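The structure appears right after this line, and notes come after that.
The values are calculated or read from the model by the stated rules, or taken from the named source; none is laboratory data. This is a predicted model, so every value here is computed, not measured. Cβ atoms come from the backbone with ideal geometry, glycine included; neighbour counts cover every protein chain shown. For the accessible areas, the whole protein counts, side chains as well, though only heavy atoms, and no ligand, DNA or RNA atoms are used. Shrake-Rupley method; radii C 1.70, N 1.55, O 1.52, S 1.80 Å.
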Amino acid sequence: MTFLRALSLAGAFICVACKVVVLPSALSYHIRQHNNTRISVDINQLNKITEDEGILDEWPSIPAAPPVQYEGLVVEEGFSCPFCSCVFGAWKSLANHAREEHAQSLSERDSSIRRVHIQRFGRGVSFKTPFEVKLRALQLQSSQADYLEAMRKDLNARPSLPSSEVDHRHISPWHITTRWHLYLDNRDISEALALITIPKEDDPLFFLVACVKTYMQAIYDTIPHTSEVCRQILNTDIQTEDLNHTPFSQHQMEDTLRAYSRLVLQLLCFLLRGEADLVLPDAVSQALAGLRCSLNMEVDDATSAIHCLLLALWTQNWCSTQANPFPDPTVRFVIHTQLNRDGSLKGPKDVTGIFAKLVYNMRLVFLKECHRLSAEDPAHPSHAVAARSLRLWFTIGQESTFHSLRSLQHRASSIVVSTQNEPNMKWKDGSNFTTLIYLGHEVSL
């Protein structure tokens, strides 16, 4: 009787081969219909199974509420009547029912009609009435799925020890190289996140939103009108005359600049809100004070102040010391963008995009300075000459923000490529390749 299943939920035997309910009184006859079985029914054993499972010699009643699907019965897709609880396996049957029972005309495009999963107890006219069910894979969570989800939470948990006492084996290779966890030690997480939040209308810095948008768009629009040699110089990372033949250019999607501008806005807010915690050179301090004053002036004044501040910030030698291991405000800003609300730090795959956006924004700022120098300074008669005079600050090999960001970007990318992650999905054991466990959740085909 291996092809029969006693299902206590349905209160009946289910033939696995036919996928229908079989009553105990009809069991002998039903088995004889399978000519290749050659199985005889032991009445005593049948009575014992029937009694133990509480199976009655009558057809199960249609469930009042959608149950979890019965194993062994076929699951089909059907339609639910929008006027009553009836379900149907065919659209034509639903349309006839609505017309005859509810005097309503339905269209297949009617949004009130739900598509549901249905099962039937039998094939006969009296027993093939369909009823709605819930898929088992969507209702039940396996021990494997629970284990994966618990393990993922443990991996993302932040150590409770002070950073000076944490075993390096508890820290990811990425954070061992950056030492960013040391910077965040003993800092209030909510205050750290508040430094980079986008200002709202009631915020004194809200004026910056429009100013940054205007500033970035104005520079962005000059790219097509800049000499190709200048753009090639801007897009070359090292001090060499063998220039990158792909010039600095605009994005393919028009909306991309918005995400890049958002990062500049957050950086400026970080500088204005967190100035007291920063050790800044005189040139940067003066430019920051100029930006703070310009918030009460016109947009043109503010955009000029933004350019002066970013240029001063990104043309400085930022050297680490024992007292100040993270002197560069831009690197500090990046650390704040990687902070989760629970105090943990994001992985290397989450920061590469931040570095790429900041590098592009730096080249935009230097592009604007190239235009300004070629227009105002006779010593820089062209965009290319101006770009060469600024190359020290957008190439690697110098203690600068650009060098730090590019170095961190390459390091993060290398770790992401070389690190083997835990599997995102696996086939559930015993499911015959019909059920996946994806990110700790079961997905059934």
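Identify, by number, the condition in (1) surrounded by 12 or more Cβ atoms within 10 Å (Cβ to Cβ); (2) within 30 Å of Thr177 (Cα to Cα); (3) at pLDDT below 85 that Glu442 doesn't meet.
Single failed check for Glu442: (2).
Given the structure, is Gln104 open to solvent by less than 90 Å² (accessible area, probe 1.4 Å) and closer than 18 Å to Val20 by Cα? First the steps, then the outcome.
Numbers: open to solvent by less than 90 Å² (accessible area, probe 1.4 Å): yes; closer than 18 Å to Val20 by Cα: no.
The answer is no for Gln104.
Taking segment 214-246 as the region of interest, how many residues are open to solvent by less than 30 Å² (accessible area, probe 1.4 Å), more than 13 Å from Arg391 (Cα to Cα) and not β-branched (Val, Ile, Thr)?
So the count comes out to 3.
Among Leu94, Leu73, Leu46, which is the only one that is outside any loop (DSSP other than H, G, I, E, B), open to solvent by less than 90 Å² (accessible area, probe 1.4 Å) and in contact with a Phe, Trp or Tyr (Cβ under 8 Å, 6 or more places away or on another chain)? I'd like the intermediate steps shown before the answer.
On the way: Leu73 fails: outside any loop (DSSP other than H, G, I, E, B); Leu46 fails: in contact with a Phe, Trp or Tyr (Cβ under 8 Å, 6 or more places away or on another chain).
Leu94 is the lone residue from the list that is outside any loop (DSSP other than H, G, I, E, B), open to solvent by less than 90 Å² (accessible area, probe 1.4 Å) and in contact with a Phe, Trp or Tyr (Cβ under 8 Å, 6 or more places away or on another chain).
Filter segment 225-236 for residues that are within 25 Å of Asp300 (Cα to Cα) and either modelled with pLDDT of 95 or more or hydroxyl-bearing (Ser, Thr, Tyr) (or both) and give the result.
From segment 225-236, those within 25 Å of Asp300 (Cα to Cα) are 225-226; that's our starting set.
Passing the criteria: only Thr226.
Can you give me the ranges of the helices (runs of 4 or more DSSP H) entirely in segment 178-250 with at least 2 residues that are within 27 Å of the chain's Cα centre (by Cα)? Let's see the steps before the verdict.
Details: elements: 180-184, 189-194, 207-222, 228-234.
Output list reads 180-184, 189-194, 207-222.
Any residue that is open to solvent by less than 40 Å² (accessible area, probe 1.4 Å) and under 24 Å from Gly397 (Cβ atoms) - is there at least one of those in segment 284-303?
yes
Return the residues of segment 344-381 that are over 28 Å from Trp174 (Cβ atoms) and acidic (Asp, Glu); say none if nothing qualifies. Spell out the reasoning first.
First, pick out the residues of segment 344-381 that are over 28 Å from Trp174 (Cβ atoms): 366-381.
Matches in segment 344-381: Glu369, Glu376, Asp377.
Which count do you get for residues in segment 107-136 that are surrounded by fewer than 14 Cβ atoms within 10 Å (Cβ to Cβ) and under 30 Å from Val443 (Cα atoms)?
10
Being touching a Ser or Thr at 6+ places or on another chain (Cβ under 9 Å) and assigned to a loop (DSSP other than H, G, I, E, B) is the filter; apply it to segment 400-422 and report the residue that is modelled with the highest pLDDT.
Ser400
If a residue must be crowded, with 18+ Cβ neighbours inside 10 Å and not aromatic (Phe, Trp, Tyr), how many such residues does segment 247-258 contain?
Initial filter on segment 247-258 (crowded, with 18+ Cβ neighbours inside 10 Å): 247-248, 257.
Add one more test, that the residue is not aromatic (Phe, Trp, Tyr), and what stays is 247, 257.
Count: 2.
Only residues that are under 17 Å from the mean Cα position of the chain (by Cα) and either in contact (Cβ under 8 Å) with a residue 24 or more places away in the chain or in a helix (DSSP H, G or I) (or both): list them for segment 345-387, please.
Step one: filter segment 345-387 for residues under 17 Å from the mean Cα position of the chain (by Cα), giving 345-354.
Result: Leu345, Gly347, Pro348, Lys349, Asp350, Val351, Thr352, Gly353, Ile354.
For a quick check of your reading of the model, give me the residue pairs whose first member lies in segment 295-321 and is without any contact (Cβ under 8 Å) to a residue 60 or more places away in the chain, whose second is open to solvent by 30 Å² or more (accessible area, probe 1.4 Å) and hydrophobic (A, V, I, L, M, F, W, C), with beta-carbon atoms closer than 7 Å and at least 6 apart or on different chains.
Between residues of segment 295-321 that are without any contact (Cβ under 8 Å) to a residue 60 or more places away in the chain and residues that are open to solvent by 30 Å² or more (accessible area, probe 1.4 Å) and hydrophobic (A, V, I, L, M, F, W, C), the close pairs are Ala312/Ala283.
For segment 259-271, which residues satisfy the criterion of being among the hydrophobic types (A, V, I, L, M, F, W, C) and surrounded by 18 or more Cβ atoms within 10 Å (Cβ to Cβ)? Spell out the reasoning first.
Filtering segment 259-271 for residues among the hydrophobic types (A, V, I, L, M, F, W, C) gives 259, 263-265, 267-271.
Residues satisfying the conditions are Leu263, Val264, Leu265, Leu267, Leu268, Cys269, Phe270, Leu271.
What is the number of the single condition among (1) within 28 Å of Asn317 (Cβ to Cβ); (2) touching a residue at least 40 places away in the same chain (Cβ under 8 Å); (3) not polar (S, T, N, Q) that Lys428 does not meet?
(1)
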